[in-house]
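A short worksheet on the structure shown next.
The values are calculated or read from the model by the stated rules, or taken from the named source; none is laboratory data. Bear in mind the structure is a predicted one, so any value in this text is a computation, not a measurement. Neighbour counts are summed over all protein chains in view; Cβ atoms, including those assigned to glycine, are modelled from backbone coordinates with ideal geometry. For accessibility, only protein heavy atoms count, side chains too; no ligands or nucleic acids. Shrake-Rupley method; radii C 1.70, N 1.55, O 1.52, S 1.80 Å.
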Amino acid sequence: MSLHNSISVRKRHPLIGAELTGVDLRCPLDNNLFERIHSLWMENLVLVFPNQSLNDEQHIKFGSQFGELEVHPSLAHRSSKNREIYRVSNVDESGNIIQSSETAWQYINLSWLWHTDSSFRNIPSKGSILHGIETTKEGGHTLFANMYEAYEGLNTSIKKQIDSLHVIHDHDFIIKQSRDLSKKRDKGSYENLPPVRHPLVQIHPVTGRRSLFLSPHTMDYIVGMESNESRNLLDELIHHATSEKFVYKHTWENDDIVMWDNRCTMHAVEPFDNTSVRRIMHRVTLIGDNQPISTEST
Ligand code: OGA
Ligand code: MN
């Protein structure tokens, strides 16, 4: 009996998200185990591994088995010890709650909006792996939407209308979503990230399935479309894709590891009281293997 037979799988939602138990992520994965986890990931889009008390180095090692890790463009949110660790937290590295008026919080606060990670890059992220270190009881849970199903749920005429469209994504657009941050002179330190163009419908490089590629926090406009029309169509698609039936809400426990595919999901953090409740999450982010594949290339 090979080791991976001991993995148990339990769906957390009919369309998206499965819990995997019986695996210790601190140990290197042999080929069979890697393939099993990878195929469960492709099938379920979001994997939840409860009770994994990884330190940051183990987290990085686990993630690296799935590909190269990105260093986040926001300088203030990288861990000072490991630059591949992105701190999604309202608590600073000294353990103090970050004030709502601080730039560092106002940037993280934008993860409350629906998005996919690193959609502002020419090659967006393949997937993200998040470790819940100090999790919340009230609010602060994370919503994940299945973008394959969202695409399939559109009527044929809309599919035809959007199949060949492209969208300009821009990191600066994230900042513009924050009323506080957009008014500040010091908006934080980020690497230089020029706007990029991505298809609105993309083909998943592994599964070959079509999905909507939306990332509301970076989507500026649809190429070649009048500005109001573009905004209305994007808003309509976002509204549709985030319908309850497509969404799994992950209720966090400490030491959950949650791994999602950024090519066929989007996510948002549920609001919580960031002034009194502590929330510390560490993320590693997998660099994408290729630019998003448009339907025109098929
Ligand atoms: C992220 C993010 C999710 C969360 O890490 O990409 O958006 O639950 N955060 O904090
Ligand atoms: Mn995110």
Seminar exercise, completed: Other residues with Cβ under 12 Å from the Cβ of ASN96 give, with Lys and Arg +1 and Asp and Glu -1, a net charge of -2
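With viscosity set to 0.692 mPa s and temperature to 37 °C, compute the Stokes-Einstein D of the range 150-293, Rh being the Kirkwood radius across alpha carbon pairs; µm²/s, no decimals.
The calculation lands on 188 µm²/s.
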Seminar exercise, completed: For the chain, the helices passing both cut-offs (Cα extent along own axis of 20 Å or more, Kyte-Doolittle mean at least -1.0, full DSSP H runs) are 227-241
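Can you compute the charge dipole magnitude of the range 142-298 about its Cα centre, using +1 on each Lys and Arg Cβ and -1 on each Asp and Glu Cβ, nothing else charged? Give it in debye, rounded to the nearest 20.
240
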Seminar exercise, completed: Magnitude of the Cβ-charge dipole (Lys and Arg +1, Asp and Glu -1) of the range 169-234 about the Cα centre, nearest 20 debye, reported as 160
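If Lys and Arg each add +1 and Asp and Glu each add -1, what is the summed charge of the other residues whose beta carbon sits under 11 Å from the beta carbon of LYS249?
Net local charge, LYS249 excluded: -1.
Could you check how much of the accessible area of the range 78-212 is carbon and sulfur, as a whole percent, using a 1.4 Å probe? Before the final figure, lay out the partial values.
Numbers: 2720 of 6000 Å².
Here carbon and sulfur together make up 45 percent of the probe-accessible area.
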Problem set entry | Ordering of 241-254, 18-31 by burial proxy (mean other Cβ atoms within 10 Å per residue, highest first) | 241-254, 18-31
For this session: Kindly provide the helix-only [θ] at 222 nm of the chain, computed as the sum of -39,500 (n - 2.57) over DSSP H runs of four or more divided by all residues, to the nearest 500 deg cm²/dmol?
Result: -6500 deg cm²/dmol
Seminar exercise, completed: The farthest towards the positive end of the charge dipole of the chain, of the residues HIS250, THR156, TYR86, given +1 on Cβ of Lys and Arg and -1 on Cβ of Asp and Glu, is THR156
Exercise. Counting Lys and Arg as +1 and Asp and Glu as -1, what is the net charge of the other residues whose Cβ lies under 12 Å from the Cβ of GLU57?
Worked result: +1
Exercise. Rounded to the nearest whole Å², what accessible area per residue is found for the chain with the 1.4 Å probe?
Worked result: 45
Exercise. Mind listing P(r) for the range 38-194? All alpha-carbon pairs, 10 Å bins, whole percents.
Worked result: 8, 32, 37, 19, 4, 0
For this session: Step through the table entries LYS11/LYS137; LYS126/LYS187; LYS61/LYS245; LYS11/LYS126, compare each Cα-Cα distance with 24 Å, and write down the pairs that go over it.
Result: LYS126/LYS187; LYS61/LYS245
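Just subtract the alpha-carbon distance of GLU296 and ASN192 from 0.36 nm times their residue separation and send over the number in nm, one decimal.
Extra length from GLU296 to ASN192 when fully extended: 34.5 nm.
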For this session: Obtain the nm distance between the two label points defined at THR275 and SER100 by a simple spin-label model: each point lies 7 Å from its Cα along the Cα-to-C-beta direction.
Result: 0.4
For this session: Just check the chain against the gyration tensor rule for me: Cα atoms, a ≥ b ≥ c as the square roots of the eigenvalues, rounded for a/c under 1.5, and otherwise prolate or oblate depending on whether a/b exceeds b/c.
Result: oblate
Seminar exercise, completed: The rounded separation in angstrom of the Cα centers of the range 212-287 and the range 95-143 is 10
